[in-house]
Amino acid sequence: MFSPRAFPPSHGSSVKWLAPLVLCLAAQISTAQNTPLLSGGLAFQTTTNAGQTSYLPLLEPLVAVPLGEKFFFESRAAILEDFFPSNGKYDHSHFAGFTYAQVAFLASPRLTLVAGDYLLPFNVYNERLSPVWISNLQDSPLMSSIGLMSSASGLGGMARGKAVQTSKYSIDYAAFFSARSGNQQFGATRAAGGRVSLYVPAHRLEAGLSYDRSLQGPQPQHENFYGAHVWWEPKDMGLRFRSEFARGHHAQGYWIEADYRTWAFGGLNSWVGRIEPVFRMQQTFRRDNIVSDGVPLVNTQRADFGLNYNLPHNVRILTSYSRQFSSSGDHNIWETSIVYRYLFPAWKEKSK
């Protein structure tokens, strides 16, 4: 759904990036060991959409390399083979390419400068939830392409960090400028924008606003995109609530997702605690039919019901049933995935 560099456009699925929290952890581990870190996800996904079943084996490798104490390089790629029904038989397509490749410079405790091909900081799904080993549902939300300039990444520079941090709250920011690029591996739109987020640790509550503007083409073609997100993880409840809204020139939409794991029967590592029910409600609305923005061409509603199981050794089984409603027809979607998350240093640190 996002970028042709990561998935075939006819079978859009989640793409893009590692959660900032996980990246920070990886950076700390990698820096402490003074060695590159190899990570990523391996998955086998099936989707039955309106009675048609497709299969998608997928590998998403990630490398994180510290370059001294101030610089940090990271990159992720996608390698997949897509098998889908066509004219009464199965056809297939394959893809291998970069998802992003960037260098970060820690300028100060409150400022990190990023250069290269980076993920656009519009809302938070693109950066935090879309990696195959993190997302709770196989498909990304229907409106998630709004504000991501078709490639979900920018080519240029970005500044991010904490503007304010106290014991009661913190304010994070991210601002970027992207140049235009027609390169197959590192395509990007000329654009600028950013995001600001407020986090209240006592309530484990985060809320933020995003704004992007496309600067490509003549002035009348420039478009504005607006976004908002709210995340809430009540303490000691095992419940997570996430939501986003996005509005562009041609379409708008929202999604609300909740998932739950119980501590009541021996903790999260008990056989009951590993069960994770998920629910997501989403809607998209057309403002015109000139450009799709990656959003359905008619007003669409969809409810997703997931039941995941978190096995030991970073293996997850994801299952879901979805019902989609629109004027073009209602249909069911059944999806199943088995996902393995791997994480290990490239080599052991030499003893001093």
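Kindly indicate the residue of the stretch 201-227 that is small (Gly, Ala, Ser) and open to solvent by less than 30 Å² (accessible area, probe 1.4 Å) and also farthest from Asn299 (Cα to Cα) among those meeting that condition. Write out each step before concluding.
If we filter the stretch 201-227 for residues that are small (Gly, Ala, Ser), which is where we start, we get 202, 207-208, 210, 214, 217, 227.
Filter again for open to solvent by less than 30 Å² (accessible area, probe 1.4 Å), leaving 208, 210, 214, 227.
Numbers: Gly208: 26, Ser210: 23, Ser214: 24, Gly227: 19 Å.
Ranking the candidates gives Gly208 first.
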Between residues in the stretch 183-199 that are polar (S, T, N, Q) and residues that are at pLDDT below 85, which pairs lie under 9 Å by C-beta distance while being six or more apart or on different chains?
Gln184/Pro4; Gln184/Arg5; Gln185/Arg5
List pairs: first in the stretch 56-78 and within 22 Å of Val132 (Cβ to Cβ) and open to solvent by 30 Å² or more (accessible area, probe 1.4 Å), second of a type outside the set (A, V, I, L, M) and in a strand (DSSP E or B), Cβ under 6 Å, 6+ apart or cross-chain?
Pro57/Phe44; Pro57/Glu81; Pro61/Gly40; Val63/Ser75; Val65/Phe73
Report yes if some residue within the stretch 148-164 is of a type in the set (Ser, Thr, Tyr) and either more than 17 Å from the chain's Cα centre (by Cα) or at pLDDT 95 or above (or both); otherwise report no.
no
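So which residues in the stretch 295-304 are touching a Phe, Trp or Tyr at 6+ places or on another chain (Cβ under 8 Å), within 12 Å of Ser328 (Cα to Cα) and surrounded by fewer than 18 Cβ atoms within 10 Å (Cβ to Cβ)? Break it down into steps so the answer makes sense when it comes.
From the stretch 295-304, those touching a Phe, Trp or Tyr at 6+ places or on another chain (Cβ under 8 Å) are 299-304; that's our starting set.
Filter again for within 12 Å of Ser328 (Cα to Cα), leaving 299-301.
Correct list: Asn299, Gln301.
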In the set Gly88, Gly40, Gly51, the lone residue that is farther than 26 Å from Asp304 by Cβ and either within 17 Å of the chain's Cα centre (by Cα) or at pLDDT below 90 (or both) is Gly88
Can you tell me which residue among Ser130, Ser140, Ser153 is in contact with an Asp or Glu (Cβ under 7 Å, 6 or more places away or on another chain), in contact (Cβ under 8 Å) with a residue 60 or more places away in the chain and open to solvent by less than 10 Å² (accessible area, probe 1.4 Å)?
Ser153
Cβ pairs under 7 Å, 6+ apart, first in the stretch 223-241 and at positive phi, second assigned to a strand (DSSP E or B):
Gly238/Tyr260
Check off (1) within 18 Å of Leu142 (Cα to Cα); (2) open to solvent by 10 Å² or more (accessible area, probe 1.4 Å) for Arg280 and give me the number that stays unchecked.
(2)
Of the residues in the stretch 228-238, those that are open to solvent by less than 50 Å² (accessible area, probe 1.4 Å) and either of a type in the set (Asp, Glu) or at pLDDT below 95 (or both) come to Pro234, Gly238
State yes or no: is Ser292 under 22 Å from the mean Cα position of the chain (by Cα) and buried (at least 17 other Cβ atoms within 10 Å of the Cβ)?
no
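Is it fair to say Phe176 is farther than 29 Å from Pro234 by Cα, of a type in the set (Phe, Trp, Tyr) and touching a Pro at 6+ places or on another chain (Cβ under 7 Å)? Reasoning before the result, please.
Working: farther than 29 Å from Pro234 by Cα: yes; of a type in the set (Phe, Trp, Tyr): yes; touching a Pro at 6+ places or on another chain (Cβ under 7 Å): yes.
So Phe176 fits the description; yes.
Have a look at Ala101, Ala107 and point out the one that is under 18 Å from Phe176 (Cα atoms) and surrounded by fewer than 16 Cβ atoms within 10 Å (Cβ to Cβ).
Values: Ala101 fails: surrounded by fewer than 16 Cβ atoms within 10 Å (Cβ to Cβ).
Selected residue: Ala107, the only one of Ala101, Ala107 that is under 18 Å from Phe176 (Cα atoms) and surrounded by fewer than 16 Cβ atoms within 10 Å (Cβ to Cβ).
The values are calculated or read from the model by the stated rules, or taken from the named source; none is laboratory data. This structure is a prediction, so every number in the text was calculated from the model and none was measured. Cβ coordinates were reconstructed from backbone atoms using ideal geometry, including for glycine residues, and neighbour counts include every protein chain displayed. Side chains included, ligands, DNA and RNA excluded: accessible areas come from the protein's heavy atoms. Shrake-Rupley method; radii C 1.70, N 1.55, O 1.52, S 1.80 Å.
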